[in-house]
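Each remark here refers to the structure printed beneath this line.
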Amino acid sequence: MLSLTVSQNSGQPLADQIVAGIKQQIDDRHLRPGTRLPSIRNFAGTYNVSRFTVVEAYDRLVAMGYLQSRRGAGFYTSAALTHADAAHPAPSDNHQRNEQLVWLIRRLLEADENTILAGGPWLPNSWLDETGIRQSLNVLARKNGAYLLEYGHPFGYLPLREHLALMLAGLGINAHANQILLTQGTSQALELIIRYLLKPGDTALVDDPGYYNMFGNLRLQGVEMLAVPRNPDGPDVAVLEKLAAAHQPKVYFTQSVMPRLATLDQLNRVIYARSFSKTLSGSLRVGFVACAQNIANELADIKMLTSITTSQFTERLIYLMLVDGHYRKYLSRLRERLGEARLNVVRVFERMGLELFVEPTDGMFVWTRFPHVEDSLTLAEASQRDGIMLAPGTVFRPHLGRSPWMRFNVTVCEDTRVQRWLQRQGGKAA
């Protein structure tokens, strides 16, 4: 029977305490080979720690050869270890690794109005253009047609694809409407690309840190991820070159803005994915993929096999919002408002002694850390008890490695409750 002492007040990280405690009990034979450990959820509840911490500890013990992960059954102590066993650790189970990501996404979606999403991935409702959506919805509702009843085109609503081709031209990306496939947000776009390009056992280059939802999808598909560190000026090109030469991966998933790789490549080898979920509405799940024609055809086939088609109704609604000029004006106001929020939050963070990874010039996120904190997960665990949800860097890493960094949403961090909480954390180390 497992019996540990895990102290929130110890100077030792929680995951380290758990790893050391379980390792000691296995070494001392208090836990016999084949003993089933508590589930991640039960362990977290019993010892008052986050599931992130439990997953990290269990995964480290698997890597060390002390535990075995059995799909759908949980974690079990391994057979008696030898020195050779320790030198060849057992692989981790991707399904178990995804548990904490599923838990994180569920927490975000189920958070009540009293939870402050300081690290949340989207704009607050008050920042979105609900009035504009309602106006376009009223216009669409008055139009005759079978779009309310019928399935849409496999590639998606043609007028919207034609309009997107014009938008891409404004970014220097030349594409025809038949090179654009509409999707249910970026998540489906990435899933289609993963299914098209990769099979279990393949390798793929990914940003570190990067998009956690995509990492989870790659794990589900059995793809091995090769982490490319993100520096303040972009991907670490030396590491990228070394990994590409050593492993010959099929694809590199990255987020590039300045310059856009699709602009440089003109969709010969680059597949460009994007959505309107963050700027318009999380309920209007419309995204798209722009790529070479032959790839678009293949992705459309996969889309039909996995989801038949996407909603023509929502695609028509997005189209109306884009072409009437309302969205363009709203986006201009949003960028101005975000710029003011970024400036305010950066100034406050710097006064607190927080270190910026880089000062952003666009978007709604700021990456920062306390110089004295090496594992931001401990702060995230503490903030939960005070009704504040932080985004620790570990969840944005392909292999969930420790990180001192945190991602903050500037639209939320102007809230003085968040600032006071962070100020107290900085004061504890002074």
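For this structure, a couple of remarks:
- Residue check for L140: open to solvent by less than 40 Å² (accessible area, probe 1.4 Å), within 28 Å of K329 (Cα to Cα), at pLDDT 95 or above and not in a loop (DSSP other than H, G, I, E, B): no
- From the options T411, T394, T378, residue that is hydroxyl-bearing (S, T, Y) and surrounded by fewer than 22 Cβ atoms within 10 Å (Cβ to Cβ): T378
- Any chance R195 is open to solvent by 70 Å² or more (accessible area, probe 1.4 Å) and in contact (Cβ under 8 Å) with a residue 40 or more places away in the chain: yes
- Top-ranked residue of the stretch 222-253 - restricted to ones that are part of a helix (DSSP H, G or I) and free of Cβ contacts under 8 Å to residues at least 24 places away in the same chain, ranked as nearest to H399 (Cα to Cα): V239
- E150 meets the conditions (1) closer than 30 Å to D324 by Cα; (2) in a helix (DSSP H, G or I) in every case but one. The failed one is (2).
- Among residues of the stretch 348-363 that are closer than 23 Å to T279 by Cβ, those with a Cβ under 7 angstrom from a residue that is open to solvent by 80 Å² or more (accessible area, probe 1.4 Å), sequence gap 6+ or separate chain, pair up as V358/P232.
- Criterion: assigned to a loop (DSSP other than H, G, I, E, B), closer than 27 Å to G201 by Cβ and open to solvent by less than 40 Å² (accessible area, probe 1.4 Å) - qualifying residue of V289, V270: V270
- Restricting attention to the stretch 48-66, the residues being surrounded by fewer than 19 Cβ atoms within 10 Å (Cβ to Cβ), aliphatic (A, V, I, L, M) and not in a helix (DSSP H, G or I) number 0.
- Residue pairs whose Cβ atoms lie under 7 Å apart, sitting 6 or more positions apart in sequence or on different chains, and linking a residue in the stretch 294-316 that is touching a residue at least 60 places away in the same chain (Cβ under 8 Å) and within 15 Å of Q184 (Cβ to Cβ) to a partner that is part of a helix (DSSP H, G or I) and open to solvent by 60 Å² or more (accessible area, probe 1.4 Å), are L299/Y196; I302/R195; I302/Y196.
- Answer from S39, S3 - the residue that is of a type in the set (S, T, N, Q) and at pLDDT below 90: S3
- Inter-residue pairs, beta-carbon under 7 Å, first of a type in the set (D, E, K, R) and in the stretch 140-169, second crowded, with 16+ Cβ neighbours inside 10 Å and assigned to a loop (DSSP other than H, G, I, E, B), 6+ apart: R161/F155
- Residues in the stretch 170-196 that are more than 22 Å from the chain's Cα centre (by Cα) and of a type in the set (A, V, I, L, M) were compared, and the one that is farthest from L158 (Cα to Cα) is L171.
Here's the yes/no breakdown for (1) under 25 Å from W103 (Cβ atoms); (2) open to solvent by less than 50 Å² (accessible area, probe 1.4 Å):
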{"position": "V206", "(1), (2)": "yes, yes"}
{"position": "Y212", "(1), (2)": "yes, yes"}
{"position": "L220", "(1), (2)": "yes, no"}
{"position": "V223", "(1), (2)": "yes, yes"}
{"position": "P232", "(1), (2)": "no, no"}
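For every residue, the table says whether it meets (1) closer than 12 Å to V251 by Cβ; (2) at pLDDT 95 or above.
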{"position": "L182", "(1), (2)": "no, yes"}
{"position": "L190", "(1), (2)": "yes, yes"}
{"position": "I193", "(1), (2)": "yes, yes"}
{"position": "L197", "(1), (2)": "yes, yes"}
{"position": "G210", "(1), (2)": "no, yes"}
{"position": "R219", "(1), (2)": "no, no"}
{"position": "V223", "(1), (2)": "yes, no"}
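- The stretch 382-404 residues that are of a type in the set (S, T, Y), paired with ones that are open to solvent by 20 Å² or more (accessible area, probe 1.4 Å) and part of a loop (DSSP other than H, G, I, E, B) (beta carbon under 7 Å, 6 or more apart): T394/G401; T394/R402; S403/R397
- Selection status of T279, out of contact with any Cys (no Cβ under 7 Å at 6 or more places or on another chain), touching a residue at least 12 places away in the same chain (Cβ under 8 Å), open to solvent by 40 Å² or more (accessible area, probe 1.4 Å) and among the hydroxyl-bearing types (S, T, Y): no
- Of the criteria (1) assigned to a helix (DSSP H, G or I); (2) open to solvent by 40 Å² or more (accessible area, probe 1.4 Å), which one R342 fails: (2)
- Yes/no for E374 being part of a loop (DSSP other than H, G, I, E, B) and not hydrophobic (A, V, I, L, M, F, W, C): yes
- Flag for F365 being open to solvent by less than 30 Å² (accessible area, probe 1.4 Å), modelled with pLDDT of 95 or more and hydrophobic (A, V, I, L, M, F, W, C): no
Listed here are the residues, each with its yes/no results for (1) modelled with pLDDT of 95 or more; (2) closer than 30 Å to G387 by Cα; (3) open to solvent by less than 40 Å² (accessible area, probe 1.4 Å).
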{"site": "D112", "(1), (2), (3)": "no, yes, no"}
{"site": "S136", "(1), (2), (3)": "no, no, yes"}
{"site": "A165", "(1), (2), (3)": "yes, no, yes"}
{"site": "N174", "(1), (2), (3)": "yes, no, no"}
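The values are calculated or read from the model by the stated rules, or taken from the named source; none is laboratory data. These numbers were taken from a predicted model, which means no experiment stands behind them. Methodologically, a virtual Cβ is constructed for each residue, glycine included, from the backbone with ideal geometry; neighbour enumeration extends over all protein chains shown. Note: areas computed on protein heavy atoms with side chains; ligands, DNA, RNA excluded. Shrake-Rupley method; radii C 1.70, N 1.55, O 1.52, S 1.80 Å.
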